[in-house]
Amino acid sequence: MKINKFFNISLLSYPVFLVFISGFFSCSSLLQNPFVMQPKPPTDTFVSWNENRKLSWDDYKGVPDMDLKASAITYCELGFRMSKPTIFHKTKYVVYNNFFPEQSWVKPEFKTDEILLKHEQGHFDLAQVYAKKLNLSLQKKHPAQARKIWKKIYDKYVQAQQRYDRETKYGTDSLQQKKWNEYIQKELSGNP
């Protein structure tokens, strides 16, 4: 498993100031240091999670790393933006979960493997489970608490992604994959 973590805190000079905090997670069969600071992906092209839009292999546009044992990499971002409070407006939070096609890839010999694709979709869906948890946790919280809340949820998210790969054996254990699919769907359809 490869984990990329990124903090992007920037103030924009618009009438409402925004702060961006996000973490990137990519899944592969190699475990590296989970807390390495990485630059934001060099592209603005992303797919926001949507319950009516599933990933397809055509979404995977990155160049495969043939030296890795991984068959595919799904590159997701879990983060939030918040407006700076003013005397007229309370802080508002927008939580997001994005998939980055240019950083995500599949090796050519696996482009027809629908079981693997469903497993990779599970990574994106699991990110959405934690996006919901983050959204719920941030509501009515003071902005000074936001980064700490995000970090706590993000750490649990990373652990869940690692457990997902470990327990499903990267999607090859069909019984465990089915259990995870059911768990993820239950979490997405109800309250976290």
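The criterion of being at pLDDT 95 or above, outside any helix (DSSP H, G or I) and not polar (S, T, N, Q) does not hold for residue 85. Go through region 153-192 and give me each residue that's in contact (Cβ under 8 Å) with a residue 12 or more places away in the chain, farther than 24 Å from residue 70 by Cα and among the charged types (D, E, K, R). Across region 153-192, the qualifying residue is only 187.
Which is charged (D, E, K, R) and closer than 25 Å to residue 56 by Cβ, of 151, 132?
Numbers: 151 fails: closer than 25 Å to residue 56 by Cβ.
Being charged (D, E, K, R) and closer than 25 Å to residue 56 by Cβ holds for just one of 151, 132, which is 132.
Can you find a residue in region 58-73 that is in a strand (DSSP E or B) and out of contact with any Pro (no Cβ under 7 Å at 6 or more places or on another chain)?
Yes, some residue in region 58-73 is in a strand (DSSP E or B) and out of contact with any Pro (no Cβ under 7 Å at 6 or more places or on another chain).
Output the residues belonging to region 88-106 that are in a loop (DSSP other than H, G, I, E, B) and either in contact (Cβ under 8 Å) with a residue 40 or more places away in the chain or in contact with a helix residue (DSSP H, G or I) (Cβ under 9 Å, 6 or more places away or on another chain) (or both). Please lay out each step first, then the result.
Filtering region 88-106 for residues in a loop (DSSP other than H, G, I, E, B) gives 88-92, 100-104.
Correct list: 89, 91, 100, 101, 102, 103, 104.
Are any of the residues in region 161-179 in a helix (DSSP H, G or I), surrounded by 13 or more Cβ atoms within 10 Å (Cβ to Cβ) and of a type in the set (A, V, I, L, M, F, W, C)? Taking every residue of region 161-179 in turn, none turns out to be in a helix (DSSP H, G or I), surrounded by 13 or more Cβ atoms within 10 Å (Cβ to Cβ) and of a type in the set (A, V, I, L, M, F, W, C).
Only one of the listed residues (100, 88) is exposed (fewer than 15 other Cβ atoms within 10 Å of the Cβ) and of a type in the set (Phe, Trp, Tyr). That residue is 88. Among the residues of this structure, residue 167 does not count as one that is out of contact with any helix residue (DSSP H, G or I) (no Cβ under 8 Å at 6 or more places or on another chain) and modelled with pLDDT of 95 or more. Of all residues in region 110-118, one or more are touching a strand residue (DSSP E or B) at 6+ places or on another chain (Cβ under 9 Å), touching a residue at least 40 places away in the same chain (Cβ under 8 Å) and in a helix (DSSP H, G or I).
The values are calculated or read from the model by the stated rules, or taken from the named source; none is laboratory data. Everything numeric in this text was worked out from a predicted model, so none of it was measured. Positions of Cβ are backbone-derived with ideal geometry, glycine not excepted, and every protein chain shown enters the neighbour counts.
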